[in-house]
1. For segment 342-500, which whole percent of the accessible surface, found with a 1.4 angstrom probe, sits on carbon and sulfur atoms?
2. Based on the alpha-carbon gyration tensor of segment 267-316, what equivalent-ellipsoid semi-axes (square roots of 5 times the eigenvalues) come out, in whole Å, largest first?
3. Mind jotting down the distance between the C-alpha centroids of segment 359-380 and segment 198-215, whole Å?
4. Summing +1 for each Lys or Arg and -1 for each Asp or Glu, what net charge is found among the other residues whose Cβ lies under 15 Å from the Cβ of C351?
5. With a 1.4 Å probe and every protein chain kept in, tell me what percent of the accessible surface of segment 127-239 is carbon plus sulfur.
6. How big is the Cα convex hull of segment 333-405 in projection, averaged over all directions, in nm²?
7. In the neighborhood of C465, defined by Cβ-to-Cβ distances under 13 Å, what is the net charge if each Lys or Arg adds +1 and each Asp or Glu adds -1?
8. Enter the accessible area per residue of segment 249-332 (Å², integer; probe 1.4 Å; all protein chains in place).
Amino acid sequence: MAPGVARRARRRVRVVRPAAARSRSAEDWWWDRLAPSGSGYHLLQSDSMLLVLPGPGPARPRAQRRAARRAQRLRPPGSRVAEAEARIASAPQQEPDPGWGDRIPLEILLQIFGLLVAADGPVPFLGRAARVCRRWHEAASQPALWHTLTLSPPLAGRPAKSGAKAEKKLLASLEWLMPNRFSQLQRLTLIHWKSQVHPVLKLVSESCPRLTFLKLSDCHGVTPDTLVMLAKACPQLHSLDIQHSMVESSAVVSFLEEAGPRMRKLWLTYSSQTTAILGALLGSCCPQLQVLEVSTGLSRNSTPLQLPVEALQRGCPQLQVLRLLNLTWLPKPSGRAATPSPGFPSLEELCLASSTGSCVSNEVLGRLLHGSPRLRLLDLRGCARVTPAGLCDLPCRELEQLHLGLYGVSDRPTLAKEGSPLLTQKWCHALRELDLSGQGFSEKDLEQALAAFSGTSGGSHLALCSLNLRGTRVTPSTVSSVISSCPGLLYLNLESCRCLPRGLKRAYRGPEDIQWCLEQLLTSLPSPS
């Protein structure tokens, strides 16, 4: 500290000691409350604070202090050591405090860890929690917590030799982890395994009898023996996801033949070998299948998929979810003498979204959904041949999500200009999400369609929470009416709407953002004369 600053600080701070002759002031009152006589405390006062500092204690006469020091010097050394040892022996022994982590019962820790694992997965939380203390290590080591696992070599994407070494190193650790930690594993995901898939799945078949779900993503070298061995060792395995993996069709067919009666969910990537797998499904090897998804791989296959709709309906009568994503497919002709199929009576979701040309028409849609009254989600993005009249003929009455967006359609003059009121009048009571982006409906047609959301009887709460009108001819008055009539609206897309004022053509998320849009639209509307 600089000398000038020190002098100013000394002038601003003064030490106050008790004095009998001092007049009764505010300082004396504080001293009586905080520092009684003989306590040895000092009051340190400045312009903005008051500090209480301990003093050196009551003073003793000089003769007494000299006598005490002389007695300590004259005491024999052995007696001082014995006295110290006696004091240590007589002092109560205090065990080291293990911390609050060891005081939590193991059952409570398991419940807490279970909630965290359910939200974020066991890795990396359980590995880090095991290092806190012994009690946490005991809790984190319980196999019941390790029910979901994703395994990927740490050097994925590196040269082949480095990746093989990483897989072997991880495999050596799994030889101990599988029987000691993962014995109750239920869901397993393998990513980027190129050479050690068979040894890993062999360990799983030996140590994880409760496995129910297996996902192989970007994995190579899966043989028929591997999947059949897994199907026999895991009697509860009912879901298989092999999208974007190089798996022989014979391996999948052998697996379905072994585990087919209990299969519930199947995810595939379309290739030249998909036909053989679909043939097994058409042969009723998976009568309990509920979810079937076929998507396009990174390298698009130019050969369209021939899908026998009626045969699939007879082979998988319990299907609830059918997704043909970005897939070029053609329905096989049903034939004149073909017996009518029962359809998909349990179907709740149908997704035929495609970014390229789609062959789905009103006739194909009718063949798929003529027996599906429980449908809740219908995704027909990119299916420009489907018209509102064809949708209105569907038997489903409680549709909650309808996606009809068209993206990148070049032949806009052929799009339907009217018919959107048929959709909203049929499903406005149940619709939660509606996507009309890119459709060519006229301003008047859209006004009549969206007016259905404001014309409900009794003023009941509408379920609509997401509305996509991107690239349509919707007008400001129509948009403001929809916002006012749908208080639960959370998402509104008005991008590229040519009839709206500039500055408002964007996507709105959240009630506050949508309310701001309504205020701007109301100010832009012409006042009635």
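1. Details: 3130 of 6480 Å².
Looking at segment 342-500 in its full context, I get 48 percent from C and S.
2. Working: eigenvalues 84, 26, 15 Å².
Ellipsoid half-lengths, sorted descending, are 20, 11, 9 Å.
3. 38
4. -3
5. Working: 2950 of 5730 Å².
That fraction is 51 percent.
6. Numbers: hull surface 19.8 nm².
For the Cα atoms of segment 333-405, the hull's average projected area reads 5.0 nm².
7. Values: positive: R432, R509; negative: E400, E433, D435.
Surrounding charge for C465 is -1.
8. Numbers: 3310 Å² over 84 residues.
Averaged over the residues of segment 249-332, the accessible area is 39 Å².
The values are calculated or read from the model by the stated rules, or taken from the named source; none is laboratory data. Source: prediction; values computed, not measured. Neighbour counts run over all protein chains shown; Cβ positions are idealised from the backbone, glycine included. Ligands, DNA and RNA are stripped out before the accessible areas are found, and what is left, the full protein with its side chains, is counted by its heavy atoms. Shrake-Rupley method; radii C 1.70, N 1.55, O 1.52, S 1.80 Å.
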